[in-house]
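Here's the structure, in structure tokens; my notes come after.
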């Protein structure tokens with residue numbers, strides 16, 4: 001199963017339906033439906049498959065993130081709410097406060113939380129793909145598809161998607177558009193109709209493709225995105241008949257428009 005390669009911590013929170021109290025300093029987030037909670041786990045602090053979530057006499061305990069985490073931990077323990085850990089790598093493990101160098105966003109760890117008050121630990125009891133965790137928390141059924149979550153309505157998308165300037169220009173994609181297209185495809189290439197290859201999670205793999213590329217000012221909307229098998233996706237980018245395929249993709253999306261939710 002495939003997901004976005006470089007999701008940030010807050011993007012993972014959003015994917016799981018868990019809105020943090022504050023995007024800047026929250027260390028964890030509780031799903032709005034209270035079916036799950038996700039906690040930041042520092043990779044260097046994992047010891048024998050366990051992570052400590054609270055400490056005695058720790059200077060960071062006076063920060064707002066600590067009190068917020070204590071509040072959410074109390075809710076999790078009282079309600080026996082499933083907990084997940086998002087593993088992060090610190091730029092400098094000795095720094096205080098820490099900054100995130102890397103988010104291990106492809107998988108979460110299932111946590112068994114034990115202890116009380118200022119001595120709470122989380123035992124790691126297995127990994128779960130971030131998409132599977134989203135389905136568990138949000139209550140969506142397992143479907144024969146590869147997507148972020150099962151959406152009930154077509155997303156609006158962006159006619160002029162945001163572009164973030166670093167050294168070059170990086171286009172900010174709307175993950176809901178990609179998710180909806182993959183859901184619409186149901187694991188089949190929307191051009192040739194063949195099922196994608198089966199993944200380890202028993203879903204069929206297809207890829208979302210922008211017919212008019214975002215680099216060429218294409219829209220990040222449903223009428224410009226098609227789900228393709230890997231063969232036709234590569235051919236669309238590198239094949240000698242790429243221009244012809246582009247026109248056929250446009251016509252195919254027009255044909256699909258009649259089945260999209262209004």
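What follows is calculated from the coordinates using simple rules that are stated; it is not laboratory data. Just so it is clear, the structure is predicted and the values come from calculations on it, not from any experiment. FYI the Cβ positions are ideal-geometry reconstructions off the backbone, even for glycines, and counts take in every protein chain you see.
For the reader, a short list of remarks on this structure follows.
- Förster radius 25 Å - calculated FRET efficiency between residue 11 and residue 223 (Cβ-Cβ, nearest 0.05): 0.50
- Sequence of 128, 109, 206, 181 once ranked by neighbouring C-beta atoms within 10 Å, starting from the fewest: 128, 109, 181, 206
- Efficiency of FRET between residue 201 and residue 123 - r from beta-carbon atoms, R0 22 angstrom, step 0.05: 0.35
- Taking segment 9-132 and dividing mean pair separation by its residue count, relative contact order in percent (alpha carbons under 8 Å, at least six apart): 25
- A crude spin-label estimate for the pair residue 91 and residue 212, with each label 7 Å from Cα along the Cβ direction, gives 3.9 nm.
- When each of 226, 87 is scored by the number of other beta-carbon atoms lying within 10 Å, the sequence from fewest to most is 87, 226.
- Here the spin labels are modelled as points 7 Å beyond Cα on the Cα-Cβ line, and at residue 250 and residue 102 they lie 4.2 nm apart.
- Calculated FRET value between residue 43 and residue 132, using beta carbons and R₀ = 22 Å, to 0.05: 0.55
- Isotropically averaged projected area of segment 9-132, using the convex hull of Cα atoms (one quarter of hull area), nm²: 6.9
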